[in-house]
1. Just report the Cα centroid separation between region 152-175 and region 1-28, whole Å.
2. If we count every other residue with Cβ under 14 angstrom of A132's Cβ, Lys/Arg +1 and Asp/Glu -1, where does the sum land?
3. Taking a cut-off of 17 Å between Cα atoms, list the aspartates and glutamates near K208, but don't count ones fewer than 8 places away on the same chain.
4. Return the FRET efficiency for the residue pair Q224, K162: r is the Cβ-Cβ distance, R0 is 30 Å, and the value is rounded to the nearest 0.05.
5. With a ≥ b ≥ c the root eigenvalues of the C-alpha gyration tensor of region 144-252, is it rounded (a/c under 1.5), prolate (a/b larger than b/c) or oblate?
6. Could you work out the local net charge near I248, counting Lys and Arg as +1, Asp and Glu as -1, over the other residues with Cβ closer than 11 Å to its Cβ?
7. Using a 1.4 angstrom probe and counting only protein chains, how large is the accessible area of T243 in Å², to 10?
8. Roll a 1.4 angstrom probe over the protein heavy atoms and tell me the percent of accessible area of region 74-129 that is carbon or sulfur.
Amino acid sequence: MKIIQVLPYLAFGDAVGNDAIALKKIISEKKYETQIYAHGIDNRLPACTALLDKKIPKLDQNDILIYHEAIASDLVHKIQMLNCRKVMIYHNITPPSFFIKYDQSIFIGCQEGYTQLKNLTNTFDMILSDSAYNRQNLVDMGFTAPNHVLPILIPFDDYKKKPSEKIIEKYGADGYTNILFVGRVVPNKCQHDIIAAFNEYQKHFNPKSRLFIVGSFMERYSDQLKEYTKRLGTNNVIFTGHTKFDEILAYYHIADLFLCQSEHEGFCVPLVEAMHFDVPIVAYDSSAIGETLGGSGFLLKEKNSLLTAGVMNRILTDDTLRHIVLENQHERLKDFQYDIVKKLFWKYMDEFISEKF
């Protein structure tokens, strides 16, 4: 029996791609014939990571195809025609309205993604959703297949790799308070609100502070952010662009607080990474963020840059509060441990494999 994974594009360092790669490993451990197939593959990935979708093998009724859904793709027409059992892993699709002013191709891709999704309600035999938020999204669209919540599988051993000494030496011991956000610089992640809150923090509470915005960027939105930062007169806002893994590790190592103001997340892996690195989190309660935090971190119900700055300052200066926040994060992190998510994946898959069809 084959268990293959299919996705439109396998990107380097992307949460969806990383999930597929991690799942490939645990599927191969059970000796199933397996591979990842994608319409496009990032050339920074090792050559053996995946194959192009034109090489998808012949599948029969005993085989299982796992499709990672996150954006529009012509692949959906291909998989609908395949004679095999089908599972969707739903990572959510960003609402296209976030991109209409910034990138027409992504706007169209997300818009078409929702249209395609509505036409897939009867295609899949089982669904695995990153979060209950994602699961409900599909229920609202009319999906009726068994739909289980499965967090993204995160190989935490990767985080034991050596962080960049260059970053740590440059920023880690100069007396500055380091505020961090990790994630693509795109409108739904609302880095403009992060900058606004940081500006208030720097102006009213701690001038000796800096903000790291770590991640590849959408050029038009990034340019707007840099102009906004300049207009506010905010100092020490650093846009890293696409960042090597050892450098990302270093930014987590030197961070004093993780600030998230995103308005759309299907899961948000960086929140879990911040938990892992003992970085207290302040986040705006939207989409799946509150669910991922699961009662940990400090969750804000409204966007008010001065209020957010005050909360940041309180956590950074009140040892008791910071200890409580971190202890709650430690507890929540247990739910995302590799072996726990791996076991949950096989619980759902073993039940699915054993079903008569």
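1. One Cα centre to the other: 24 Å.
2. -4
3. Within the straight-line limit of under 17 Å, K208 reaches these aspartates and glutamates: D174, E200, D256.
4. About 0.25, to the nearest 0.05.
5. Note, shape of region 144-252 comes out oblate.
6. Here the charged neighbours net out to -2.
7. 10 Å²
8. 52 percent
The values are calculated or read from the model by the stated rules, or taken from the named source; none is laboratory data. Just so we're clear, the structure is a prediction, and the values are computed from it rather than from any experiment. Here Cβ is always computed from backbone atoms with ideal geometry, including for glycine, and neighbour counts include all displayed protein chains. Protein only, heavy atoms only, side chains kept; ligands, DNA and RNA dropped before computing areas. Shrake-Rupley method; radii C 1.70, N 1.55, O 1.52, S 1.80 Å.
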